[in-house]
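Data first, discussion second: the structure below is written as structure tokens.
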Amino acid sequence: MEINPWSSAQYADYSRLREQFGIQALQPDDWEQLPRPPSFFRRGIVFGHRGFGLIRQAILAGDPWALLTGLMPSGRMHLGHKMVIDQIIYYQSIGADVFIAIADIEAYATRGYTLEEAERLAIQEYVTNYIALGLQPCTIYFQSRHRDVKNLGYLLGKKANWSEVTAIYGFNGATNMAHVLAPLIQCGDILHVQMEKYGGARPTLVPVGVDQDPHIRFCRGVAAAHRLFNVTVAKDGRIGVFVKPDEDVARLLDLAAQVISGRGLAMKRLDRYKAVYLPDASPEDIPALDLALAREEQEHGAYGFLSPSSTYHRFMTGLTGGKMSSSKPESAIFLTDTPAEAKKKIMAAKTGGAVSREEHKKHGGQPESCVVYEMFLYHLIDSDRELADIYRRCRSGEQMCGDCKKMAVCLMESFLVEMQEKRAAAAEQVGDYVVWDEG
């Protein structure tokens, strides 16, 4: 199995994806103690993560943390895209420092859009909708206009090589160099929020669809490659702080010892192993110690970036089956659709009903294979009890597909009418969100 961030492929076997690429399953223990746990956790829409524990700890402790996400301005915004902004708005409400990258360089390199076309799409189809959906003022910027992001991406590339990027992304001799550069620019996006001028070293969350995991793996590796210290559990089970460079080892060990001492931890320094061991420490001590060391690295002129955390959400199925896509208007409900357009698409949508009314009443439907039920699950019905009742009635054959479609049309009409009203006001607020030039 391969994951391609620029493919239109639909991914369905999420368990296999987790197993093959080392994505951890998101469990109730990961989110139940968070404030007002949202439906995307409760309903398993967000299904996996890398390092979400760091974010959870920061939220519960009231410590600083950042969220970085990006939007690819390569088509109209549809319900599938809304899943990301729903997460951003929730995290912003509980303390995230939000940064949103408009990936116009990536749209140019991989989709063939000009920077001017990408700007128009980003503002009209995404930023305006984000504000209408409830996003509060934050930092939204264009990759092409952010010097710090571009410079950082270039500089971080010193510790990435061609073998690595081809293994992750499948690049070959025909890949254009702007496309090759795009993952490094994304590293600049994700990691620049930990530069001292933007808030310093801190846990950073990147919520994405699973198709974007190659970017996360690449960025985590790049961040780790530039660290001076590695805090880990050694082969003998002891926790140790290890100096990564081969130069200036004694000074770096002095620095590590100073940080460890300041945290009241016992230690044993072994210069020949470039290590300071912590005999009484536990794995729970690692995140806070790693953060303290990262901040100390920044004080001494190094990058000191924590590897970013990530969460992964399931894709919505297109109305005709397959992936919901901006390039296939019949497959998606767009946030700028009229109620009449949405009604036509919903009434023609693929369902999980039986082949006839009689068969449906006798054997029931399959809501887990129904795109209309999926719209209820992801976006249209807040009540878990009401959703469970629809599921039960469909499975038992009590509820017909036509009934669900009529309900979906009614709910979608209310949503789209409200969006039209809010978009008019949101368009006037874009200047409060977008940073037109930075760095």
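Pairing each residue of region 299-326 that is farther than 30 Å from S369 by Cβ with any residue that is polar (S, T, N, Q) and in a loop (DSSP other than H, G, I, E, B), provided the two are 6+ apart or on different chains, yields C-beta distances under 9 Å for Y303/Q194; G304/Q194; F305/Q194; L306/Q194; P308/Q194. For region 257-266, check the following and say yes or no: at least one residue is among the aliphatic types (A, V, I, L, M) and in contact with a Ser or Thr (Cβ under 8 Å, 6 or more places away or on another chain). Checking region 257-266: not a single residue is among the aliphatic types (A, V, I, L, M) and in contact with a Ser or Thr (Cβ under 8 Å, 6 or more places away or on another chain).
Say whether the condition of being among the small types (G, A, S) and modelled with pLDDT under 95 is met by at least one residue in region 220-239.
Applying the first criterion (among the small types (G, A, S)) to region 220-239 yields 221, 223-225, 234, 237.
From what's left, modelled with pLDDT under 95: 234, 237.
Checked against the condition, which is being among the small types (G, A, S) and modelled with pLDDT under 95, region 220-239 yields at least one hit.
Do we have I333 as buried (at least 19 other Cβ atoms within 10 Å of the Cβ), aliphatic (A, V, I, L, M), at pLDDT 95 or above and over 26 Å from the mean Cα position of the chain (by Cα) here?
Numbers: buried (at least 19 other Cβ atoms within 10 Å of the Cβ): yes; aliphatic (A, V, I, L, M): yes; at pLDDT 95 or above: yes; over 26 Å from the mean Cα position of the chain (by Cα): no.
No; evaluated as a whole, the condition is false for this residue.
Selection of region 187-197 for residues being in a helix (DSSP H, G or I) and either closer than 20 Å to A288 by Cα or touching a Gly at 6+ places or on another chain (Cβ under 7 Å) (or both) yields C187, G188, D189, L191, E196.
Condition test on G95, is it at pLDDT 95 or above and part of a loop (DSSP other than H, G, I, E, B)? Yes; evaluated as a whole, the condition is true for this residue. Of the listed requirements (1) out of contact with any Asp or Glu (no Cβ under 9 Å at 6 or more places or on another chain); (2) under 18 Å from P367 (Cβ atoms); (3) surrounded by fewer than 16 Cβ atoms within 10 Å (Cβ to Cβ), R392 misses just one: (1). Report yes if L135 is more than 22 Å from the chain's Cα centre (by Cα) and aliphatic (A, V, I, L, M), otherwise no. Taking the combined requirement at face value, the residue does not satisfy it. Selection within region 336-358: residues that are surrounded by 19 or more Cβ atoms within 10 Å (Cβ to Cβ) and outside any helix (DSSP H, G or I). The member of this set that is modelled with the highest pLDDT is D337. Scanning region 256-265 for residues that are surrounded by 11 or more Cβ atoms within 10 Å (Cβ to Cβ), farther than 14 Å from R295 by Cβ and modelled with pLDDT under 95 yields a count of 2.
Is it the case that region 184-195 has a residue that's over 30 Å from S261 (Cβ atoms), touching a strand residue (DSSP E or B) at 6+ places or on another chain (Cβ under 6 Å) and not aliphatic (A, V, I, L, M)?
Keep residues of region 184-195 that are over 30 Å from S261 (Cβ atoms), which gives 184-190, 192.
Next, from what is left, pick out any that are touching a strand residue (DSSP E or B) at 6+ places or on another chain (Cβ under 6 Å): 189-190.
From the residues that got through so far, the ones that are not aliphatic (A, V, I, L, M) too are 189.
Yes - at least one qualifying residue is present in region 184-195.
The residues of region 392-419 that are closer than 22 Å to E125 by Cα and without any contact (Cβ under 8 Å) to a residue 40 or more places away in the chain, listed by number, are L411, S414, F415, E418.
Number of residues in region 37-82 that are assigned to a loop (DSSP other than H, G, I, E, B), farther than 26 Å from V372 by Cα and modelled with pLDDT of 95 or more: the value is 5.
Here is a check on your reading of the model: is C401 of a type in the set (A, V, I, L, M, F, W, C) and at pLDDT below 95?
Working: of a type in the set (A, V, I, L, M, F, W, C): yes; at pLDDT below 95: yes.
For C401, the condition - of a type in the set (A, V, I, L, M, F, W, C) and at pLDDT below 95 - is met.
Quick check on region 362-380. Is at least one of its residues of a type in the set (S, T, Y), surrounded by fewer than 19 Cβ atoms within 10 Å (Cβ to Cβ) and not assigned by TED's automatic domain parsing to the domain that holds V127? Yes: region 362-380 contains one or more residues that are of a type in the set (S, T, Y), surrounded by fewer than 19 Cβ atoms within 10 Å (Cβ to Cβ) and not assigned by TED's automatic domain parsing to the domain that holds V127.
The values are calculated or read from the model by the stated rules, or taken from the named source; none is laboratory data. Everything numeric here is computed off the predicted structure, so don't read it as measured data. Backbone-built Cβ (ideal geometry, glycine too); neighbour counts: all protein chains shown.
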